[in-house]
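Read-outs: derived from the displayed coordinates by stated rules, not from any lab. Please read these numbers as outputs of a predicted model, since none were measured by experiment. Backbone-built Cβ (ideal geometry, glycine too); neighbour counts: all protein chains shown.
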Amino acid sequence: MSGAESVATHGLARRLGPFDATMLVMGGIIGAGIFVNPAEVARHVETPWLIIGVWVLGGLIAMAGALVYAELADRRPHVGGQYAYLRDAYGPTPAFLYGWSLLLVIQSGGMAAVAITFARYFDQLTSLALPDGVVAAAVLLLLVAINCLGVRAGGTVQSGLMLLKILAIALLVLAGWWFAPANADFLRPPPIKSSAGMMAAIGAAMTPVMFSYGGWQTASFVAAEMRDPRRDLVRALLWGVAGVVILYTAVAFICVFALGPAGLAQSPTPAADVMRLALGDKGATLIALGIAVSALGFLSQGMLTAPRVYFAMAEDGLFFREIAKVSRSTRVPVMAILLQGAAAIVIALSGTYGQILSYVVSVDFIWFGLTGAALFVFRKRDPGGAGFNAPGHPLTTGLFVLACALIVLATVASNPVNSAIGFLILAAGLPACRYLQGRNRPS
């Protein structure tokens, strides 16, 4: 029995291949943040090689996570991906809380913020002066419509946008290298100061880095719609995350190369500043277009993947049964897609996405850590049950879980109020879980 034949489809259509899976992994990671976050990192660490080094370190942690998720994908190639890993390792309540936080905070808040980012760059490029909320809602509705047409339609749009993202990043790196002069501070960097605060600065810098790298797990949500998820998802996770690490490190390098540490730290739009140095105002316009495309691609990926979590929850009796309905003609969970679109639109129009995103920081990496720890659970239950085994386990898996815990602790220490609100939103899911379990229990 092949990997594809042994995995339930739940009425969904298997129409995604290995290229689609790889583009989904990369598309779930690369949004608009990489064009801005190098400056945020430079505000914490002040030397060129530390700025680049934290991106490399973040990439190593991301690769460790990809190895863990690759084995989990091989062991549990089920619809919902990470939700299914948590459900099978810890039971329905933690899995519900993950889906709860995904819908109310992590995914919908992230999509709302990126939709507003797209709207602002759309206005800059077109000068139509439309309200940001209107443009954000319109683009989200468009992506809802495309994904309701079928997973093949959504996957094709997502893959095309991901290729355009890679092109935009390549343009930034190559133009900056060939046409922007090297900044004097990059050529003559200040000496690294040895101080007790250095490790704290690196820890603070790792927060925006790790959130830039987050998102590889979302490709696992559509495992039931891949032709051979055991093969394709494993390879996509490894190749996709490795590709993003290369792209991100190159962007960090070119930003500090062209702007210098101090200039990078002061820049609100580092990618545009690099392109302006390289190609003038036309370069800044080109990268604005690239950022808009990157934002659109992230939204497309989120609209394709996240609804499968709510669909899986509904099938398990942990959410409203209507969300588990699959269209007979397109074989996609239309109600789940509509739910994701509606949640993101409401947050975008409310203007609260900035506050909601600040609550995500501590909550998201709790789930990363718990999912990594789930591999220990599955290895104990079935030591030889995987075709792919994470290299270096338990060391690499343990280091990934430890890194997630440290990121949560650092975030709580630096943002205690926002972290507490995030935990309260998470805790509010407990009564909701009990209510839905009782509502869906057979009479």
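Structure data summary
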{"read-out": "Helix-derived mean residue ellipticity, 222 nm - over the chain, DSSP H n ≥ 4, -39500 (n - 2.57), to 500", "value": "-24500 deg cm²/dmol"}
{"read-out": "Those aspartates and glutamates that a straight Cα-Cα span of less than 17 Å connects to K325, excepting residues fewer than 8 apart in one chain", "value": "E225, E315, D316"}
{"read-out": "Order of M226, M210 under a 10 Å beta carbon neighbour criterion, fewest first", "value": "M210, M226"}
{"read-out": "Karplus 3J(HN,Hα) series, Hz, for region 92-108 with 6.51 cos²θ - 1.76 cosθ + 1.60 (x for Gly, Pro)", "value": "x, 5, x, 5, 4, 4, 5, x, 4, 5, 5, 6, 8, 10, 4, 7, 5"}
{"read-out": "Sites R227 and L187 - FRET efficiency at Förster radius 41 Å, r taken between beta-carbons, to 0.05", "value": "0.20"}
{"read-out": "Along the chain, longest interval not containing exposed trypsin sites (Lys or Arg not before Pro), exposed being DSSP loop plus at most 11 other Cβ atoms within 10 Å", "value": "1-192"}
{"read-out": "Net charge contributed by nearby residues that have their C-beta within less than 13 Å of G65 (K/R +1, D/E -1)", "value": "-2"}
{"read-out": "Highest-fluctuation residue, E71, E322, E40 considered, GNM on the chain with Cα pairs under 10 Å", "value": "E322"}
{"read-out": "Partner aspartates and glutamates for K165 [C-alpha distance under 18 Å; skip if fewer than 8 residues away on the same chain]", "value": "D20"}
{"read-out": "Under 16 Å from the Cα of K282 - aspartates and glutamates, other chains or at least 8 residues apart", "value": "D273"}
{"read-out": "Gained length - T126 relative to L149, 0.36 nm times residue gap less alpha-carbon distance", "value": "5.4 nm"}
{"read-out": "Virtual spin-label span in nm between L402 and Q437, 7 Å along Cα→Cβ", "value": "3.4 nm"}
{"read-out": "Correct option for semi-axes √(5λ) of the Cα gyration tensor in Å [calculated from the coordinates] among (1) 34, 25, 21; (2) 42, 26, 19; (3) 60, 21, 18", "value": "(1)"}
